[in-house]
Amino acid sequence: MKDEILAYAQGEAYPFHMPGHKRNIKDGVFPYQLDLTEIDGFDNLHHPEGYIKQIEDKAAEIYRAKRAFLLVNGATCGILAAIKAATMRGDKVIIARNCHTSVFHAVELLGLKPEFIMPERAASDIFGCVNPVKLEKLLSDNPDAKLVVITSPTYEGICSDVDSIAGICREKGVKLFVDEAHGAHFPFHDDFPNSAICCGADISVVSLHKTMPAMTQTALLLTGDSEVIQPLQTALSIFQTSSPSYVLMSSIETCLTTKWDFDSYIKRIRKLEAAAADMKRLKLLFRDKRDFSYDIGKLVISTQKADIGGIEFAKILRKKYKIEVEMAAYGYIIAMTSVCDTNEGFERLIRALLEIDSSCKAPDGKNELESVFSLPERRLFPFEVVATRTIQFCDAQGFVTAEDIFAYPPGIPIIVKGEVLSPEIIGLVNRLYKNGVNVISSEASFPGSILVADL
Ligand SMILES: Cc1ncc(COP(=O)(O)O)c(C=O)c1O
């Protein structure tokens, strides 16, 4: 594999995807030189007092947190730890339905009882923000809830009003955990939204590797609440590896202590936005006046008014322009940018967008795929799903699923264990699958067959 990756990296392909270092850091230190274990003088991630604590303090300063923890198992382990630290088995939790699959894994693993809040609709198939008024009502209806979990920004860069949501949670005596995996770059320039801890979240997690110059799996768990520091530390000792990588921790240090040129990065984005404003058929979304704050580093380009779909658009970018994007959905693509992008990369993308746009015609009919924005009926909590058998997916209507099904990326479940497979859900899965979207479940045989629960 290594030779193939190196050959690919030396080729022409330009990465508008993670990791945020874009293979564009010429550090010159071979990773093997940095690969150490907890020998004397080099600190211990699970009890940091020396070098590791210094990096954590730097992170806390940048994100204005009371405490930061380095993560070397991705935001995923921070999400598991945060939810464990803030809850007890059997607790009720309020979960935004567009959360990452790891949130749903935590709910199952920790035996929690979720009440879901469906975010607003930002486009026919794109989740928007969590509505604070609806959240307040849900909290009033569920006064025993212990934790609220939301994702902000979303994979598409949409931010919820964390200030208001944090205020509501404080008033109701509920902790707020924000999965800010896609917002690690927010504190580095004023043109980005405010980060969650600054807005009053109790706990947040940021994936450095997604949008910052850091290696894959690096992330930070942050808290602005002294009460949860010890529970977080305890939970991390369960979910983080006992052999933390010094290569990854050194990468976090470099990421947080280097002065990156964010002004030039913002200029590149603004230039692309100006060029994209001339497009007739493709559309760079969320740039006009809107009622939510948005991460301009995310380039979400809709094909809804063109005679191509997102999957074909991504193929053209790959084949003709050697541009690899982060994600292709039915009606849009996501190109992820970072401070490590080059002028050449942006110029290539601008040229590609303008040329593809001018070759597109109006679509024959409606070129969009409506997602399902209503919550499926729940029969069992995820931790209650035990007895299972396999049936053909085409016969599954009315059965209770024993697997989460999600489109990947980004890993947001379409249906969660314990919910009823309605005709709408089955229709959506079939439509997505037929249109080349990667729909998966924990079972290899999906979508031919599916595990269902016996009630
Ligand atoms: C919103 C969100 N949260 C969490 C994660 C998990 O992050 P990591 O890959 O750093 O474990 C992802 C991954 O794509 C994500 O999109």
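So the values come out like this:
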quantity: Failed item, numbered, when Ala314 is tested on (1) part of a loop (DSSP other than H, G, I, E, B); (2) buried (at least 18 other Cβ atoms within 10 Å of the Cβ); (3) of a type in the set (A, V, I, L, M); calculated: (1)
quantity: Pairs where the first residue, in segment 209-231, is under 20 Å from Ala85 (Cα atoms) and touching a residue at least 60 places away in the same chain (Cβ under 8 Å) and the second is assigned to a helix (DSSP H, G or I) and within 10 Å of the ligand (Cβ to nearest atom), C-beta under 6 Å, 6+ apart; calculated: Ala219/Gly74; Ala219/Ala75; Ala219/Gly78; Ala219/Leu208; Leu221/Gly78
quantity: Condition check for Ile95: part of a helix (DSSP H, G or I) and assigned by TED's automatic domain parsing to the domain that holds Val205; calculated: no
quantity: Only one of Ser226, Ser207 that is within 14 Å of the ligand (Cβ to nearest atom) and among the small types (Gly, Ala, Ser); calculated: Ser207
quantity: Qualifying residue in segment 285-293 (condition: outside any loop (DSSP other than H, G, I, E, B) and either at positive phi or out of contact with any Cys (no Cβ under 6 Å at 6 or more places or on another chain) (or both)); calculated: no
quantity: Some residue of segment 150-162 being over 28 Å from Thr216 (Cβ atoms) and either in the same structural domain as Ile83 (by TED's automatic domain parsing) or surrounded by fewer than 24 Cβ atoms within 10 Å (Cβ to Cβ) (or both); calculated: yes
quantity: Test: residue in segment 44-62 that is under 30 Å from Asn194 (Cα atoms), exposed (fewer than 10 other Cβ atoms within 10 Å of the Cβ) and of a type outside the set (Phe, Trp, Tyr); calculated: yes
quantity: Residue in segment 45-62 that is in contact with a Leu (Cβ under 8 Å, 6 or more places away or on another chain), within 16 Å of the ligand (Cβ to nearest atom) and either assigned to a helix (DSSP H, G or I) or farther than 21 Å from Thr216 by Cβ (or both) present; calculated: yes
quantity: Segment 291-319, residues that are of a type in the set (D, E, K, R) and closer than 13 Å to Glu368 by Cα; calculated: Lys305, Asp307
quantity: Any hit, segment 65-78, residues being farther than 24 Å from Ser242 by Cα, more than 16 Å from the ligand (Cβ to nearest atom) and buried (at least 21 other Cβ atoms within 10 Å of the Cβ); calculated: yes
quantity: Failed item, numbered, when Ile150 is tested on (1) closer than 24 Å to Glu370 by Cβ; (2) more than 11 Å from the ligand (Cβ to nearest atom); (3) in contact (Cβ under 8 Å) with a residue 40 or more places away in the chain; calculated: (2)
quantity: Scan of segment 429-445 for residues that are of a type in the set (A, V, I, L, M, F, W, C) and part of a loop (DSSP other than H, G, I, E, B), ordered by number; calculated: Val437, Ala444
quantity: Those residues of segment 180-204 which are within 16 Å of the ligand (Cβ to nearest atom) and assigned to a helix (DSSP H, G or I), in sequence order; calculated: Ala181, His182, Gly183, Phe186
quantity: Residue match in segment 119-131 (condition: among the aliphatic types (A, V, I, L, M), closer than 21 Å to Met88 by Cα and surrounded by fewer than 23 Cβ atoms within 10 Å (Cβ to Cβ)); calculated: no
quantity: Residue check for Ser243: more than 16 Å from the ligand (Cβ to nearest atom), part of a loop (DSSP other than H, G, I, E, B), under 30 Å from Gln33 (Cβ atoms) and touching a residue at least 24 places away in the same chain (Cβ under 8 Å); calculated: yes
quantity: Members of segment 121-157 found to be among the β-branched types (Val, Ile, Thr) and assigned to a loop (DSSP other than H, G, I, E, B), listed by number; calculated: Val130, Thr154
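Table: residues versus (1) under 20 Å from the mean Cα position of the chain (by Cα); (2) farther than 20 Å from Ile334 by Cβ; (3) within 16 Å of the ligand (Cβ to nearest atom).
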{"position": "Phe393", "(1), (2), (3)": "no, yes, no"}
{"position": "Gly398", "(1), (2), (3)": "no, yes, no"}
{"position": "Leu421", "(1), (2), (3)": "no, yes, no"}
{"position": "Val429", "(1), (2), (3)": "no, yes, no"}
{"position": "Gly436", "(1), (2), (3)": "no, no, no"}
{"position": "Ser441", "(1), (2), (3)": "yes, yes, no"}
{"position": "Ser445", "(1), (2), (3)": "no, yes, no"}
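The values are calculated or read from the model by the stated rules, or taken from the named source; none is laboratory data. Worth saying up front: this structure is predicted, and the values here are computed from it rather than measured. Virtual Cβ from ideal backbone geometry, glycine too; neighbours counted across all protein chains shown.
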